[in-house]
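Below is one structure, written out as structure tokens, with a few remarks after it.
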Amino acid sequence: MSALVSKPASLDSWNGPYLKKKVVPRDPWGNEYHYKSPGDNGEYDLYSLGADNQPGGEKNNRDINSWE
């Protein structure tokens with residue numbers, strides 16, 4: 001996720017920073033968002049594991065994702 005705000009050393013081509021602030025935001029519970037590219041559900045998967053930061057769950061522990 002740091003590639004959103006600073007150029008990775010392994011990339012020759014980078015058009016960032018992609019966020020105005022130099023900080024990657026956290027989910028509503030203070031956990032880091034999870035990012036996978038290529039994703040299992042699209043070009044990329046972006047998701048939060050909820051309040052418990054564990055897969056699955058209900059209510060505040062329910063996962064939130066970019067593909068539903």
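The values are calculated or read from the model by the stated rules, or taken from the named source; none is laboratory data. Worth saying up front: this structure is predicted, and the values here are computed from it rather than measured. Every residue, glycine among them, receives a Cβ derived from its backbone with ideal geometry; neighbour counts consider all protein chains shown. Quick note on the areas: whole protein, heavy atoms, side chains included, nothing else; ligands and nucleic acids left out. Shrake-Rupley method; radii C 1.70, N 1.55, O 1.52, S 1.80 Å.
Summary of values
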item	result
Where the chain is the region considered: accessible area per residue in Å², 1.4 Å probe	80 Å²
Portion, in percent, of the accessible area of the chain that falls on carbon or sulfur, probe 1.4 Å	49 percent
Label-point separation, LYS59 to ALA9 (7 Å along Cα→Cβ), nm	4.6 nm
Per-residue ³J(HN,Hα) for the range 11-24, Karplus 6.51 cos²θ - 1.76 cosθ + 1.60, θ = phi - 60°, Hz, x for Gly and Pro	9, 7, 10, 8, 10, x, x, 9, 10, 5, 7, 8, 10, 7
Most fluctuating residue given options ASP40, ASP52, ASP27, as computed from a GNM of the chain linking Cα atoms under 10 Å	ASP40
Anchor LYS21: lysines whose Cα lies under 24 Å away (excluding residues fewer than 8 positions away in-chain)	LYS7, LYS36
Per DSSP, loop chymotrypsin sites (Phe, Trp or Tyr not before Pro) in the chain with at most 14 further Cβ within 10 Å	TRP14, TYR18, TRP29, TYR44, TRP67
